[in-house]
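Asks: Before anything else, here's the structure in question.
Read-outs throughout are calculated quantities, based only on the coordinates presented, and are distinct from any laboratory measurement. Small disclaimer: the values here were computed from a predicted structure and weren't measured. Every residue, glycine among them, receives a Cβ derived from its backbone with ideal geometry; neighbour counts consider all protein chains shown.
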Amino acid sequence: MSYPKDCWYVAATRDELDGAGDGFTARRLLDTLVLLFRLADGSVAALEDRCAHRPYPLSAGHREGDLVVCGYHGCTYDATGRCVRVPSQDNPPSGARVRTYPVVEHGPFVWIWIGTPGGERLRPPPATPWLHDGAWSSVGERRDVAADLLLLHEHYLDLTNVFAMHPEMVPPGIEALPPLEEVEVSELSVSYKRELPKAPLAPWEAQVSGLDSDESFGRTETGAFVTPGLHKQTYTISGSGGPELELVRTHAFTPRSSGATHVFLQISWRGAAVPPDAGEQLAAVFHEMASRDSAVLETMQRYLDEDTTPRRYFNVKADRAAVRARRILTSMVEDERGR
Ligand code: FES
């Protein structure tokens, strides 16, 4: 296992569940097959996607209101996982049930707890006010990346790859990112901040901000490993009067299994001069970035899988936050193994 289980992770987006209508959203999460659907009262149910009678997916069956009917012999389950009907006999066997999982819906995300039962009561999912506050707008996408959770966190905690991988994102005249000014570490999180010198706007910045591309602006960039399931980056373009455009890139990372991760990306923004089509522009810009990032991450994962010779990689100053995140993730996994 290369990921901690005792953590809230995003299982799906609200849009995915609503788009499924009377159907199901079936997904492999933390090596567990899960079935999600919205109940008549608006809440969300998450059941093990495997019938308790035989190893057949419940997602291959159908719904009768809030009940789930298996497509093999018709055994039927309620949203608490209890088997309430077996067509071939009067009563279901006592105790026949499938496992259910705690779920919390916040803004665009549906969070799930697959770890130790009861552990979800010790801590809530991380707060993401920028994803539900009316002052912000957001667009999102989901993708599967064939790379381990740890590789993703490390990648997004070090943006110095931007010059090689995404040169069009760099403001004109900036040739190197300044060193990380602050790296804050708590027991379970890491964050960093850096300020960029004033520079004119890159074409994408001018398009999405509505600002004058001939003027020079400062930028503040922050990044945070909030939990194993959530990564947050901010990018603020400021003029003499303060922030002109604030962007938040939210990555919810959910292990599918070791070496494979669901990535839920949300881009959020606010700014006084932002044009009406900023959402489409931002979605396109960050989709392209995510595609290039995925290609590199999947290549690294392939190398790790194909050549398992142990080796030590060197670190540079820009890796400080990533190294801390690796330590936190590794110790969480070891703690769970030791229990
Ligand atoms: S396998 Fe589901 S009812 Fe038999």
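Asks: Based on the mean of other beta carbon atoms within 10 Å per residue, what is the order of 277-285, 307-315, most packed first?
Replies: Ranked from most to least packed, the peptides come out as 277-285, 307-315.
Asks: Check cross-link reach from Lys193 to the lysines: straight Cα distance under 17 Å, and skip same-chain residues fewer than eight apart.
Replies: Lys193 reaches Lys232, Lys317.
Asks: When a footprinting reagent is the concern and you count Cβ atoms within 10 Å, what order do Tyr72, Tyr101 take, fewest first?
Replies: Sorted ascending by nearby Cβ count, the order is Tyr72, Tyr101.
Asks: Among the aspartates and glutamates, which fall within straight-line cross-link reach of Lys198, defined as a Cα-Cα distance under 20 Å, with same-chain neighbours fewer than 8 residues apart omitted?
Replies: Glu168, Glu175, Glu181, Glu182, Asp212, Asp214, Glu215, Glu221, Glu244, Glu246
Asks: Pop a pseudo-label 7 angstrom from the Cα along the beta-carbon direction at both Arg28 and Ser137 and give the gap in nm to one decimal.
Replies: It works out to 3.8 nm between the two label points.
Asks: ³J(HN,Hα) across the stretch 226-236 via Karplus (A = 6.51, B = -1.76, C = 1.60, θ = phi - 60°), whole Hz, x for Gly/Pro?
Replies: Using θ = phi - 60°, the values come out as 7, 8, x, x, 8, 10, 10, 10, 10, 9, 10 Hz.
Asks: What list of ³J(HN,Hα) couplings, whole Hz, do you get for the stretch 72-86 from phi and the Karplus terms 6.51, -1.76, 1.60, once you set θ to phi - 60° and write x for glycine and proline?
Replies: 9, 10, x, 4, 10, 10, 8, 6, 8, x, 6, 6, 10, 7, 10
Asks: Determine ³J(HN,Hα), in whole Hz, for all residues of the stretch 130-145 in sequence, where each value follows from phi through the Karplus function 6.51 cos²θ - 1.76 cosθ + 1.60 and θ = phi - 60°; x replaces Gly and Pro.
Replies: Listing the rounded values in order: 5, 8, 10, 6, x, 6, 10, 10, 9, 10, x, 8, 10, 8, 9, 10 Hz.
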